[in-house]
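Quick one: structure below, then a few questions.
The values are calculated or read from the model by the stated rules, or taken from the named source; none is laboratory data. Bear in mind the structure is a predicted one, so any value in this text is a computation, not a measurement. Cβ: placed from backbone, ideal geometry, glycine included. Neighbour counts: every protein chain shown.
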Amino acid sequence: MDKQLIVSSDSHIIEPEDLFERALGQRYGDATPRYVEEHLGQRGKHYFTGYEYIRVDEIVEGDEATEESRRLQQELLEASLDPAVRIRCLDKDGVWAEIVNATWMLYSMRVKDDDLARDCCAVYNAFVAEYCSHQPKRLFATAMIHMEDVDWACRELERVVKLGHKSVLINCDTRPEWPYYRDPVYDPFWARAEEMDVPITLHIITGNVRDPFTLFGEERRNTARDGMNILYEAIPVLLNEFIMGGIMDRFPRLKLVLSEYEVSWLPYFMFRGRQMIDAFGPALHLRRIEGTIEEYMGRVYHGFIDDSWVEHAVAAVDHRTMMWGSDFPHARCTYPNSQRIVHDTLAKLGEAKMADLSYYNCARLYGIELPPSRAPAAA
């Protein structure tokens with residue numbers, strides 16, 4: 001197996017322990033997202049998201065049973081604090097560049113105090129911009145934008161683009177008390193994102209379904225239910241709001257990214273989406289949309305890590321819309337074995353498609369400058 005540079009479309013940063021407390025603690029007090037040492041009588045480091053609690057060793061630290069795994073975990077944690085350490089990790093893993101998403105801020109998109117959620121977004125966006133500025137050709141930040149206040153969302157979009165963010169990540173579904181995304185109230189945001197050619201990312205955790213890692217005690221009876229639901233949450237939003245709700249008709253250059261939903265759902269979605277548009281829609285007298293499901297999906301990009309059913313997805317949609325991601329530095333990330341995992345997952349597609357899915361597709365979408373050694377686009 002020859003080592004070829006790859007690009008991660010979905011990596012993460014673990015925010016500093018005091019990031020939000022230092023900036024917002026005086027204003028919000030105990031409501032501020034922060035680390036705590038106990039929850040429900042259970043000792044150990046927990047993270048309070050501003051709404052829910054997460055046991056840190058379950059979601060971030062993973063298996064620390066061996067000395068080797070402890071060293072690896074320490075390396076991953078240091079990479080979130082020091083961009084130089086992160087670049088060394090990327091070099092060791094054969095990764096040229098990364099799209100950097102949040103960790104704790106994903107959960108804080110669910111905070112019920114909208115002012116707190118917006119302030120957390122602003123603090124995080126400034127932090128991750130500064131972090132990525134140390135390696136501006138290899139680390140590319142995704143901004144977090146809470147969508148309750150569309151005027152604020154538009155202003156924050158303008159601000160983060162000036163800071164250098166490559167994309168923005170919004171709530172993957174609207175709150176029950178908000179208008180649906182298809183509502184024209186959101187149109188100024190879609191219009192500005194389209195005009196600036198900024199992809200809109202929908203990522204797991206940021207909607208209405210509880211992440212299983214926030215469940216404790218008897219609540220864990222719902223782990224499988226919530227686990228399946230959270231890994232599918234944005235997909236009905238894509239069909240109901242962005243496609244059949246007319247957003248993608250009104251904004252024909254708007255691009256979406258569904259991140260960390262993997263890709264094996266795509267064949268089923270294409271079948272049911274076609275059925276909804278061609279059969280159920282007319283029968284129910286729904287608004288007739290302007291394009292085909294295939295045309296809309298040409299503007300929807302998909303992040304995956306190690307989906308073993310990727311060849312079925314490639315048969316269902318344009319392979320140039322699928323992008324590998326490492327999930328670095330989370331517990332299930334592919335580091336330091338990304339080269340092997342990419343090869344094992346994608347080699348069956350052939351070299352050209354493997355190169356697209358693991359390197360060129362992400363670079364093309366986000367305008368990432370590639371090194372001369374592997375700069376030409378794949379055939």
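It is to be established whether one or more residues within segment 246-261 are part of a helix (DSSP H, G or I) and either under 26 Å from ARG210 (Cβ atoms) or at pLDDT below 95 (or both).
Within segment 246-261, not a single residue is part of a helix (DSSP H, G or I) and either under 26 Å from ARG210 (Cβ atoms) or at pLDDT below 95 (or both).
Can you find a residue that is within 26 Å of ARG182 (Cα to Cα), modelled with pLDDT of 95 or more and either assigned to a loop (DSSP other than H, G, I, E, B) or not charged (D, E, K, R) (or both) anywhere in segment 220-229?
yes
Cβ-Cβ below 6 Å, separation at least six or inter-chain, first residue in segment 94-118 and without any contact (Cβ under 8 Å) to a residue 60 or more places away in the chain, second of a type in the set (A, V, I, L, M) and in a helix (DSSP H, G or I): which pairs?
none
Using the structure shown, decide if GLY29 is surrounded by fewer than 18 Cβ atoms within 10 Å (Cβ to Cβ) and part of a strand (DSSP E or B).
When the stated conditions are applied, GLY29 does not pass them.
Being surrounded by fewer than 21 Cβ atoms within 10 Å (Cβ to Cβ), modelled with pLDDT of 95 or more, β-branched (Val, Ile, Thr) and within 23 Å of MET323 (Cβ to Cβ) is the requirement here; does ILE243 meet it?
Against the criterion (surrounded by fewer than 21 Cβ atoms within 10 Å (Cβ to Cβ), modelled with pLDDT of 95 or more, β-branched (Val, Ile, Thr) and within 23 Å of MET323 (Cβ to Cβ)), ILE243 does not qualify.
Determine if segment 316-325 includes at least one residue that is acidic (Asp, Glu) and closer than 27 Å to VAL198 by Cα. Break it down into steps so the answer makes sense when it comes.
Step one: of segment 316-325, the residues acidic (Asp, Glu) are 318.
Narrowing further to those that are closer than 27 Å to VAL198 by Cα: 318.
Checking segment 316-325: at least one residue is acidic (Asp, Glu) and closer than 27 Å to VAL198 by Cα.
State yes or no: is VAL198 within 29 Å of ILE289 (Cα to Cα) and assigned to a loop (DSSP other than H, G, I, E, B)?
Judged against the criteria, VAL198 is a match.
Scanning for something in contact with a helix residue (DSSP H, G or I) (Cβ under 7 Å, 6 or more places away or on another chain), in a helix (DSSP H, G or I) and of a type in the set (Gly, Ala, Ser), does segment 36-50 turn up at least one residue?
no
Hey, which of the helices (runs of 4 or more DSSP H) in segment 278-379, taking only ones fully inside, have at least 1 residues that are touching a residue at least 40 places away in the same chain (Cβ under 8 Å), of a type outside the set (Asp, Glu) and farther than 30 Å from PRO252 by Cα?
338-346
Filter segment 57-76 down to residues that are modelled with pLDDT of 90 or more and surrounded by 15 or more Cβ atoms within 10 Å (Cβ to Cβ), then give me how many there are.
3
Quick check on segment 114-137. Is at least one of its residues touching a helix residue (DSSP H, G or I) at 6+ places or on another chain (Cβ under 6 Å), surrounded by 21 or more Cβ atoms within 10 Å (Cβ to Cβ) and in a loop (DSSP other than H, G, I, E, B)?
no
For segment 38-56, give me each residue that is at positive phi and either surrounded by 13 or more Cβ atoms within 10 Å (Cβ to Cβ) or modelled with pLDDT under 90 (or both).
The answer is GLY41, GLY50.
Results for (1) out of contact with any Cys (no Cβ under 8 Å at 6 or more places or on another chain); (2) without any contact (Cβ under 8 Å) to a residue 60 or more places away in the chain; (3) not charged (D, E, K, R), shown as yes or no for each residue.
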residue: ASN125; (1), (2), (3): yes, yes, yes
residue: ALA129; (1), (2), (3): yes, yes, yes
residue: ARG138; (1), (2), (3): yes, yes, no
residue: MET144; (1), (2), (3): no, yes, yes
residue: TRP152; (1), (2), (3): yes, yes, yes
residue: LEU157; (1), (2), (3): yes, yes, yes
residue: GLY164; (1), (2), (3): no, yes, yes
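Here are some conditions: (1) surrounded by 13 or more Cβ atoms within 10 Å (Cβ to Cβ); (2) at pLDDT below 95; (3) within 22 Å of VAL100 (Cα to Cα); (4) not basic (Lys, Arg). ALA375 meets all but one. Which one does it not meet?
(1)
Okay, next question. Failed condition for THR206, given (1) over 24 Å from ALA363 (Cβ atoms); (2) more than 12 Å from the chain's Cα centre (by Cα), with all others met?
Just one mismatch for THR206, condition (2).
Which of the residues spanning segment 127-152 are more than 18 Å from the chain's Cα centre (by Cα), of a type outside the set (Asp, Glu) and closer than 19 Å to THR206 by Cβ?
Once the filter is applied, which keeps residues that are more than 18 Å from the chain's Cα centre (by Cα), of a type outside the set (Asp, Glu) and closer than 19 Å to THR206 by Cβ, segment 127-152 yields VAL150, TRP152.
For every residue, the table says whether it meets (1) surrounded by fewer than 22 Cβ atoms within 10 Å (Cβ to Cβ); (2) modelled with pLDDT under 95; (3) over 30 Å from PHE280 (Cα atoms).
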site	(1), (2), (3)
GLU295	yes, no, no
HIS302	no, no, no
TRP309	yes, no, no
ALA315	yes, no, no
MET322	no, no, no
PHE328	no, no, yes
GLN339	yes, no, yes
VAL342	no, no, yes
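Consider LEU238 carefully, then state whether it is touching a residue at least 12 places away in the same chain (Cβ under 8 Å), closer than 25 Å to ILE305 by Cα and in a strand (DSSP E or B).
No; evaluated as a whole, the condition is false for this residue.
Take segment 177-194 and flag every residue that is closer than 28 Å to HIS12 by Cβ and either of a type outside the set (Lys, Arg) or assigned to a loop (DSSP other than H, G, I, E, B) (or both).
Result: TRP178, TYR181, TYR186, PHE189, TRP190, ALA193, GLU194.
Would it be correct to say that VAL111 is closer than 20 Å to VAL257 by Cα and surrounded by 20 or more Cβ atoms within 10 Å (Cβ to Cβ)?
Against the criterion (closer than 20 Å to VAL257 by Cα and surrounded by 20 or more Cβ atoms within 10 Å (Cβ to Cβ)), VAL111 does not qualify.
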